Every structure is written in C-alpha cells, then in structure tokens.
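Heads up, the thing below is written out as structure tokens.
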Amino acid sequence: MPRSTIVAGVLAVALLLLAVVLLGPGRPVEENGGPAGEPSPSTAPPDSGAAAGEPQPGFLYGRVTTLSAGVLEGRLRWGGDQEAFWGDTFNGRKRENPWVAHVPPERRPRDRRPIRFFGLELGHRDREVDLRRLFMARFGDVARIEASGGNVRVTLRSGTAFDLDRFEASDFDDGVRVWDARRGTVDLDSLQVRSIEPLPAGPSSAAPSRLHGTVRTPHGEFAGFLQWDREECVGTDVLDGRTEAGAQKLRFDALRSIARRPAGGVLATLADGRELALSGTNDVDEGNRGVYVDDPRYGRVLVSWGAFERVDFSPGGSGPAYGDFPPGTPLAGSVTTRDGRSLAGRLVFDLDESETTETLDAPSQGVDYTIPFGLVASIAAAPGADDAAALVRVTLHGGEELQLERRGDLGERNAGLLVFVEGLERPEYVPWAEVARVDLDRPKAFYPPLPGP
C-alpha cells in the first residue's frame, strides 16, 4: 500500500474521532430549527402543520444510529432544511464503475484533445474517459445508508449496494435533523452518524404542509409536489424578497401563487388576495436555481428560471409513503443497432444505469427531465455524431412521447450500452453512436404507478 494512502487513512480516522469528541451527542433544536436556548428568529416560524402524533406517510422517517448519542428515531430532514420526502433524491459520487470491466479496453470511450503550441495544433492526445459516475436515488428506493471513514454505502431495496465517496458531492455530508420522540429535535453532523435505516412513518412530532401545485412554462404545465429554488418544499419554508418598503419574508403556506414579472422579480399573491412585487434576492430573481416538480407522468422535472412563468399552489397531502416504492428490478429489453442487428437481454444504459429505479436525464426547452427507467418504454432515433442538433424521441409506458435534446444521458458523452444476451459468456457492448433504438420491458410494479393494465 502506498505510504500516501496510509497517511491519508490515519488522518481521516483521527479527524473522525476528534469530530465525535468535539461535536458530542448532537445539538438539540427547537421546533423552529434554531439551537435550543437561543432566541427564535421571527423569520423562521415553527416547522409545524399537522397535529402532533398524526402519521405523515410522505415525510422521511427512520432510525439513526450514532457514534455517541445512541439510537434516534423519528421524522428526518437532510441538512436541517433540505430533503424531507420519500420522492426526494439522495446524491453522491460512486467510488468505481464495475461495468467498465465488461468493455474491451480498445473499445472504451476515449476523449480526444488537440495538442497546441503557441496557437499551432501539433496533433492530438487520446485518453480514456473517466467513467466514475454520480449516484442518485429516491429515498423511497433506499433500504440503508452506512458510513465508515470516508466511505458511504447505500443499499437499495433491490439489494444492490453502492459505495460513495462521502467527501465528494455527497448529500450525506450535509447532516440530518431528527424529530425524536424522547430527545426532541436534534441536528446531527454527518460525522456523528453510523447508519440510517428508513422506516414507514410512525407517530411523529407536528409536521408542516407540503408544497404542491402547477407550474406553467411557455411549452406546457407540470403538476405535483414542488421544491422552490431546489430547496423550499414545506409551507413553513420562507420566500425571501424585497419590496419598496424593505425586506419581506413570506411563508409559502401564506401564498396562493407566484408569477414571474417581465421587468424582473416576481408578483406574489397571498392567500387573502394581496399582491406583493418582490425582487432583489436569489429566491425571486435570476439567481433562482429552478423549481422541482414531482410530476407523476415523468418522475421529476426541474423547470429552469428561464422557462418558469407561474406557479399556482394547491393542496396535495404529504405524498407517497415508503411502502409505495417497490424494489427496483434489472433493466431488460432490446437494442436495435444502426446496421440492423437486434440484441435482447438485461441492459446497462450509459455503462451506468442498470435498474428500473435509476433515471434517464435529459433536457427539453429549459426543462430538465429526470425520468425513472421504469416509466420508459423506448428511446428512438438516437443521433449519430454527425447529427448533433437532432432530438431523441422517448416514449413512456403511458403512451406519451417526449422530444428530448441530445444532452445529458442522450448526449455524445453517453458511454454506450451493455446487453447481457442469454447464452453468451460476455455481454455485447454497443457504442451510443451505433444505437438506433432501445425498447424496455414494462416492470410489474413501480412508483409512480404505470397507467393501463
């Protein structure tokens, strides 16, 4: 083992032990989210809505085993004020890509870059593309999360496990808030957490209402549960802005609608009919990162600020429960190549996605689609390298067709497909540029529920 690796490991363990000592058993927080014993800011109202003890099946709930504070159980929210529901996603970066080993070295995707000297192009340098990929899974698809040093292992309900680097783009490092029946509301730093086991929601402390509504864009509408600016998702979260009279902080459960103004900022309509023109903050101006909509037709979409026109809020309950998410199953179907071959069997898309709960990610007209493969029936007319402007037709099991741009999972950096054909010793590898069509088998059970028989 290299000496640098040993030193890095020793330092990681030392930092972990020091953090446990310094952080102690976790910081109790009051219902408004602030640390116990500190003044409650008027801009952070209590995180309450439903009656105490009433089950809220859509909210994250689980058992958290810590390194120094024992076991906590209750409603959960990541980062204190971020992911709160089973349809929200847990993100990270995978440590390795096991599918690359199935591709002959000479056929693996390569990146060709020019070699220049004083502006003159002298040649090209080829190197193998780094095929380590990001990880993303809905919390409803997760069976267990375990941390050890710099590693986070996420086990899905299907039994598949992924090892993530906790210090590289990992949601785990944001920590978690637990509404524990015995201890009250406790904020845990990630270094205090040994494991998290999701559970069906039980009796919990009072829970807020969940944001739900319809978002309008120039090219259509999306309806479902919402996350404003990719973060605010409950009624007690706050919309920040400025008016001529000064700063304004409005609880989302006091709003009827938000409409983007052509001159900049937004017009917020309150439940009582009053209107306020807001601007001057990233919540209501160009700094807004977009609105997530859990539209059951597509899984989840992100409406960019450039495409956003208006949102009208409406009641929607707390959303799907943990038990509504059946375990994922292996992707299966057939691949038709541009030279007419047809290969059928288990599939791995983009040398990465291999289960129905993993997602096809691609944009269209300012909207980023994150579609679980369980909803996808076919992917057709994937363009070759000479047709970069062409669209890709994605047909869903419900019959709807989407024309998606050749970017993301459908772009030129797609690493190709593996097809595990029955009877063959090794899987067939098909580069993305050679794919004409992918047809996917319909899963027997899925969330969102598939239309039809």
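Is the C-alpha gyration tensor of region 292-406 telling us rounded, prolate or oblate? Criteria: a/c under 1.5 is rounded; beyond that, a/b larger than b/c is prolate, otherwise oblate. Walk me through the numbers on the way to the answer.
Values: a/c = 2.67, a/b = 1.32, b/c = 2.02.
In terms of gyration-tensor shape, oblate.
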Mean Cβ count within 10 Å, highest first, over the residues of peptides 278-291, 78-91: 78-91, 278-291
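What percent does the relative contact order of region 394-453 come to when contacts are Cα pairs within less than 8 Å and at least six residues apart? Kindly include the intermediate steps, with their values, before the conclusion.
Numbers: 42 pairs, mean separation 16.9, N = 60.
That works out to 28 percent.
If you average the sequence gap of Cα pairs under 8 Å that are 6 or more apart and divide by the length of region 221-355, what percent do you get for the contact order?
Values: 207 pairs, mean separation 27.3, N = 135.
Once divided by the residue count of region 221-355, the mean separation gives 20 percent.
Which three numbers, in whole Å and largest first, are the semi-axes of the equivalent ellipsoid of region 400-453 derived from its Cα gyration tensor as √(5λ)?
On the way: eigenvalues 116, 83, 16 Å².
For region 400-453, the ellipsoid semi-axes come out as 24, 20, 9 Å.
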Most positive-pole-ward Cα, P363, G399, A433, against dipole of region 319-453 from beta carbon charges: G399
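Rg/Rh for region 196-319: what does it come to with C-alpha atoms and Rh from Kirkwood? Before the final figure, lay out the partial values.
On the way: Rg = 14.9 Å, Rh = 15.0 Å.
Dividing the radius of gyration by the Kirkwood radius yields 0.99.
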Portion, in percent, of the accessible area of region 230-334 that falls on carbon or sulfur, probe 1.4 Å: 48
Per-residue ³J(HN,Hα) for region 278-284, Karplus 6.51 cos²θ - 1.76 cosθ + 1.60, θ = phi - 60°, Hz, x for Gly and Pro: 10, 7, x, 9, 5, 6, 10
Residues whose placed amide H lies under 5 Å from that of L199, excluding near-sequence neighbours: Y61, G62, R63
Prolate/oblate/rounded call for region 142-250, Cα gyration tensor, a/c under 1.5 rounded: prolate
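Packing-wise, with mean Cβ within 10 Å as the measure, how do 315-325, 262-272 rank, highest first?
Ranking the peptides 315-325, 262-272 by packing returns 315-325, 262-272.
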Rounded Å value of the spacing that divides the Cα centres of region 53-89 and region 331-401: 34
Cut-off under 5 Å, modelled amide H: who pairs with V421 long-range: E428
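When the Kirkwood radius is taken over all Cα pairs of region 340-381, what Stokes-Einstein diffusion coefficient follows at 37 °C and 0.692 mPa s, in µm²/s? If you can, show how the numbers build up before the last one.
Values: Rh = 11.8 Å.
Answer, rounded: 278 µm²/s.
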Amide H partners (placed H, <5 Å) of L360, local residues excluded: I371, F373
Rounded to the nearest 20 debye, dipole of region 140-255 from Cβ charges on Lys, Arg, Asp, Glu: 400
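The values are calculated or read from the model by the stated rules, or taken from the named source; none is laboratory data. It should be emphasised that the depicted structure is a prediction, and the values quoted were computed from it without experimental measurement. Every residue, glycine among them, receives a Cβ derived from its backbone with ideal geometry; neighbour counts consider all protein chains shown. In case anyone asks, the SASA skips ligands and DNA or RNA and just uses the protein heavy atoms, side chains included. Shrake-Rupley method; radii C 1.70, N 1.55, O 1.52, S 1.80 Å.
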